[in-house]
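Asks: Supplied in structure tokens, the structure appears directly below.
The values are calculated or read from the model by the stated rules, or taken from the named source; none is laboratory data. On a predicted model such as this, the values are computed, not experimentally measured, just so you know. Heads up, the Cβs are rebuilt from the backbone with ideal geometry, glycines too, and the neighbour counts pull from every protein chain shown. Quick note on the areas: whole protein, heavy atoms, side chains included, nothing else; ligands and nucleic acids left out. Shrake-Rupley method; radii C 1.70, N 1.55, O 1.52, S 1.80 Å.
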Amino acid sequence: MIWFAAPTLPHLNAMTEDDNILRHLGLRFTDIGDDFLKAELAVDARTRQPYGILHGGATCVLAETLGSVASLLVINPATKFAVGSVITANHLRPVKSGVVTGICRPVHLGRTKHVWDILITNERGKSVAKCELTCAVTDKTVEG
């Protein structure tokens with residue numbers, strides 16, 4: 001297992017209940033494995049662009065959320081902090097409705113940098129987007 005402490009879906013989904021973009025878009029974490037994290041996003045009025053298909057920005061929110069949260073789960077939260085610094089997204093197939101699922105797996109878990117591979121698929125398992133997220137890992141500083 002790559003996680004610092006064993007995460008649970010209720011703990012992860014509690015983040016989506018606050019007043020933030022995750023709640024507004026309806027993002028939900030759905031599965032945790034020894035080396036992966038999954039979440040889903042409905043393709044509806046909240047996530048479609050004006051042409052009626054999944055907005056690339058919504059796809060990036062799903063990908064960045066998965067990678068950023070995964071980085072936070074790998075590190076010791078008492079001493080470290082991680083935040084997304086670079087995201088790339090290749091949009092492969094349009095989606096008009098239904099649910100898309102993202103699965104995030106590590107490419108590199110270094111001391112100061114994490115790189116995550118995120119594949120977004122539709123309900124038929126077809127690739128919708130292929131994303132990569134780099135997270136910067138830093139020491140927490142004491143302010144006072």
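Asks: Two decimals is fine: what's Rg over Rh for the range 95-138, C-alpha atoms, Kirkwood radius as Rh?
Replies: 1.13
Asks: Could you count how many Lys pairs in the chain have their Cα atoms under 29 Å apart, skipping same-chain pairs fewer than 8 positions apart?
Replies: Number of lysine pairs found: 13.
Asks: Work from the charge dipole of the chain (Cβ charges, +1 for Lys and Arg, -1 for Asp and Glu, about the Cα centre) and give the residue of 129, 86, 30 farthest towards its positive end.
Replies: 129
Asks: Turning to a different aspect of this structure: For a quick check: with amide H placed at 1.01 Å from N, whose amide H comes under 5 Å from residue 55's, ignoring anything fewer than 5 positions away on the same chain?
Replies: The list, which skips near neighbours in sequence, is 48, 49.
Asks: Restricting to Cα pairs below 8 Å that are 6+ residues apart, what does the relative contact order work out to for the chain? Please round to a whole percent.
Replies: On the way: 303 pairs, mean separation 33.5, N = 144.
Computed over the chain, the figure is 23 percent.
Asks: Modelled label-to-label distance, residue 9 and residue 113, 7 Å Cα→beta-carbon offset: nm?
Replies: Those two pseudo-labels are separated by 3.5 nm.
Asks: Heavy atoms only, probe 1.4 Å: what % of the accessible area of the chain goes to carbon and sulfur, would you let me know? Please report the intermediate quantities before stating the final value.
Replies: Working: 4200 of 7800 Å².
Answer for the chain is 54 percent, counting heavy atoms of protein chains only.
Asks: Now a separate question. Excluding ligands, DNA and RNA, what is the solvent-accessible area per residue of the range 1-51 at a probe of 1.4 Å, expressed in Å²? Show your work: numbers first, answer last.
Replies: On the way: 3030 Å² over 51 residues.
On a per-residue basis, 59 Å².
Asks: Then there's this: Work out the length of the dipole vector of the chain about its Cα centre, built from +1 on the beta-carbon of each Lys and Arg and -1 on the beta-carbon of each Asp and Glu, and round it to the nearest 20 debye.
Replies: On the way: 15 positive and 14 negative charges, 91 e Å.
Rounded to the nearest 20 debye, it is 440 debye.
Asks: Can you tell me the order of 31-38, 133-140, 18-25 when each peptide is scored by its average per-residue count of other Cβ atoms within 10 angstrom, highest first?
Replies: On the way: 31-38: 15.2, 133-140: 17.0, 18-25: 13.1.
Ranked from most to least packed, the peptides come out as 133-140, 31-38, 18-25.
Asks: May I ask you to list the residues of the range 44-75 whose amide nitrogen lies under 14 Å from a point 7 Å from Cα along the Cα→beta-carbon direction of residue 126?
Replies: 54
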